[in-house]
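See below for the structure under consideration.
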Amino acid sequence: QHHGGALVDIYEKLPVPFGLVRFGVAPDHPEVKNVINTFTQTARSERCAYYGNVTVGRDVTVPELQQAYHAVVLSYGAEDNRVLGIPGENLPGVYSARAFVGWYNGLPENRDLKPDLSCETALILGHGNVALDIARILLSPLQLLRKTDITDSSLAALACSKVKRVWLVGRRGPLQVAFTIKELREMINLPGTRAVLDPADFTSLENAVKDAPRPRKRLTELMIKTALEKPGEKPVEVHSAGAAAPREWGLKFQRSPQEVLPSADGKRARGVRLTLTRLEGSGDSAKAIPTGDVEELECGLVVSSIGYRSVPLDPAVPFDSQRGIIPNSSGRVEGVPGLYCSGWVKRGPTGVIITTMNDSFDTAQSVLEDLQGGVLDMSPSREGFGAVESILHSRGVRPVSFSDWEKIDAAEVARGKAAGKPREKIVDPVEMLRIIGH
């Protein structure tokens, strides 16, 4: 928008666009996906072209892209998860949040996850919005999920799920939780479900939170109010059998996972051993120090939601594997003029969609400044996709255009309509390509 002559080509690994908005945002949060409309307007501009089904670093290298374009921006996010690094984390019954979310959101690589939901108690390690999303999906009444774009197969699995209790465990205290008030309120108000918060965790917090920033203060006050509510103050939904709400969830604090415990036959997870911690320091910088005391929590499903991690894309691109980012200054990749980065691969996997959007404006500004300041060598004319097309052709790669995606989109919406949903996502890339006659 800020440069009338700029032509922008977008390369995407999957045949379908929208990345984390399609595969990360919870299915029961359709309003968050409205940004897709803005993306679509941009993609339809005659100055923009979309090439899906192209894996950069494999089908075409970053140096090859740099030969074809005046500037290259890497915005490929954080496609791996942080590992716990504890014994037992590879046992059946233990999943990364990334894979679990990918499963119910139709991410092709997670379509065959088949998580075992036959236990009554699930444990989610982490106190962020993704942890709350997973807890909410596990405990939501089916009639709420049926109207969303959750995948058909995960809906069928949730219909048979025995999970009725979800604990969210964090290493630090109530003042350090990373989720936001909107997600917490939604969880507290989830029909047929009650929150179990230990009043002892909150008794001394009223004073501590007085001087906290307003969002943190409001969030903590909501937890305190929920924890101190007397039984019966919140109207309990009575079910047909006349029993009180059968499902519950709760927050456990100052506990750090030490080991996932195997079942007697060693074939699956049966619980987690947690080390109790004490906090050193205060506020967001507080550190959790193990006290030496341990406790065991029985659970048959463990989801690790401790964060995402970016991976190196191409040997030609500098990468800080310690911090999991491309080293950069305001999006300019260190030591490589004309190469830029944006989003989680630029500053680490934190923040929501609006944070990442603002961050991308910052990187775009750097590109424009370099263009005006003569940092970008504009003298050779670059062929752009013309040069890349022949490389892809020679490697047997057929890109997917935005109008191809719109055919896939129409097929998904039609399938969804038949089931009373906004869409039924196609989860197999081979089927996506078949629809567009690839």
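The values are calculated or read from the model by the stated rules, or taken from the named source; none is laboratory data. Source: prediction; values computed, not measured. A quick note on method: Cβ atoms are made from the backbone with ideal geometry, for glycine too, and the neighbour counts reach across all protein chains shown. For accessibility, only protein heavy atoms count, side chains too; no ligands or nucleic acids. Shrake-Rupley method; radii C 1.70, N 1.55, O 1.52, S 1.80 Å.
Structure summary
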item	result
Among the candidates Leu65, Leu113, Leu144, residue that is open to solvent by 40 Å² or more (accessible area, probe 1.4 Å) and either touching a Leu at 6+ places or on another chain (Cβ under 6 Å) or in a helix (DSSP H, G or I) (or both)	Leu144
Per-region count, the range 29-58, residues part of a loop (DSSP other than H, G, I, E, B) and within 30 Å of Arg423 (Cα to Cα)	7
The lone exception for Ala387 - which of (1) open to solvent by less than 40 Å² (accessible area, probe 1.4 Å); (2) under 24 Å from Ile326 (Cα atoms) it fails	(2)
Out of Arg44, Arg22, sole residue that is more than 24 Å from Glu369 (Cα to Cα) and either open to solvent by 70 Å² or more (accessible area, probe 1.4 Å) or touching a Pro at 6+ places or on another chain (Cβ under 8 Å) (or both)	Arg44
When residues of the range 275-314 are limited to those that are under 26 Å from the mean Cα position of the chain (by Cα) and basic (Lys, Arg), the one surrounded by the fewest Cβ atoms within 10 Å (Cβ to Cβ)	Lys287
Which numbered condition Ala78 misses (of (1) of a type outside the set (Lys, Arg); (2) assigned to a helix (DSSP H, G or I); (3) closer than 30 Å to Ile391 by Cα; (4) open to solvent by less than 50 Å² (accessible area, probe 1.4 Å))	(2)
Selected residue [under 22 Å from Pro30 (Cα atoms) and either at pLDDT 95 or above or charged (D, E, K, R) (or both)] from Ala419, Ala411	Ala411
Yes/no for Arg146 being closer than 16 Å to Leu301 by Cα and basic (Lys, Arg)	no
Any hit, the range 198-206, residues being in contact with a strand residue (DSSP E or B) (Cβ under 8 Å, 6 or more places away or on another chain) and outside any strand (DSSP E or B)	yes
Given (1) assigned by the TED database to the domain that holds Ser342; (2) without any contact (Cβ under 8 Å) to a residue 40 or more places away in the chain; (3) crowded, with 21+ Cβ neighbours inside 10 Å, index of the condition Arg58 fails	(3)
Verdict on Asn37 being more than 17 Å from the chain's Cα centre (by Cα), surrounded by fewer than 18 Cβ atoms within 10 Å (Cβ to Cβ) and not aromatic (Phe, Trp, Tyr)	yes
Out of Leu168, Leu219, sole residue that is outside any helix (DSSP H, G or I), open to solvent by less than 60 Å² (accessible area, probe 1.4 Å), closer than 26 Å to Arg82 by Cβ and outside the structural domain of Gly420 (by the TED database)	Leu168
Filtered residue count, the range 171-197, keeping only those that are in a loop (DSSP other than H, G, I, E, B), open to solvent by less than 80 Å² (accessible area, probe 1.4 Å) and of a type outside the set (S, T, N, Q)	9
Failed condition for Ala6, given (1) assigned to a helix (DSSP H, G or I); (2) surrounded by fewer than 19 Cβ atoms within 10 Å (Cβ to Cβ); (3) not polar (S, T, N, Q)	(1)
Test for Leu123: is it assigned to a strand (DSSP E or B) and surrounded by 17 or more Cβ atoms within 10 Å (Cβ to Cβ)	yes
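So that you can scan it fast, the table gives a plain yes or no per residue for (1) free of Cβ contacts under 8 Å to residues at least 24 places away in the same chain; (2) more than 26 Å from the chain's Cα centre (by Cα); (3) outside any helix (DSSP H, G or I):
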position: Gly396; (1), (2), (3): yes, yes, yes
position: Ser403; (1), (2), (3): yes, yes, no
position: Val430; (1), (2), (3): yes, no, no
position: Arg434; (1), (2), (3): yes, yes, no
